[in-house]
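Engineer: The structure that follows is given in the form of structure tokens.
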Amino acid sequence: MANGTIAFDTLQTSDSVNTGTSKTLDTSYLYNGSAKAWHISTDAAVLEDSFNVASGTDNGTGDYTFAFTNNMNNATYAHPHTACIVNCAPWSHTRATSSMRIDVFYDEGGARDARTHGTVHGDLA
């Protein structure tokens with residue numbers, strides 16, 4: 001069996017609830033609007049699950065770097081993150097095409113190890 005490529009501009013599907021209706025979606029919206037990477041990690045940047053994230057590195061208390069499996073096109077992507085400790089928030093430290101680095105801080109100002117969740121939105125290289 002040969003594998004090939006299917007090219008199309010629009011996806012169309014029938015609506016199983018409202019019979020006889022269909023919905024369409026421009027494929028550029030689907031491609032441009034989807035997350036290019038995501039991760040869930042414990043402290044020490046240990047990946048529990050991920051997509052397009054190859055590894056996590058613990059740079060010190062509350063300071064993590066996550067390497068991408070496939071690089072981003074540039075370092076101007078968005079990567080919102082959350083940290084699972086009360087009164088704690090992640091801060092974007094550094095962005096590169098091959099990785100992202102975040103710091104996690106308590107409201108009191110000190111960095112702490114935390115479980116983090118994050119996504120990356122932008123263009124793949």
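Engineer: Please compute the modelled spin-label separation between Thr61 and Ala44, points set 7 Å along Cα→Cβ, answer in nm with one decimal.
Structural biologist: 1.7 nm
Engineer: Taking the Cβ of Asn74 as the centre, find all other residues whose Cβ is under 13 Å away and add up their charges (Lys, Arg: +1; Asp, Glu: -1).
Structural biologist: So the environment of Asn74 carries a net charge of +1.
Engineer: If you don't mind, another one. Starting from the Cα-Cα distance between Asn32 and Asn3, subtract it from 0.36 nm times their residue separation and give me the gain in nm to one decimal.
Structural biologist: Full extension of this stretch gives 8.0 nm more.
Engineer: Grab the beta carbon distance between Arg101 and Phe51, set R0 = 22 Å, and tell me the FRET efficiency rounded to 0.05.
Structural biologist: 0.75
Read the figures in this text as sums done on the coordinates, not as results from a lab. Note that the structure is a prediction, hence the values are computed from the model and not measured. So basically every Cβ, Gly included, is an ideal-geometry build from the backbone, and we count neighbours across all protein chains shown.
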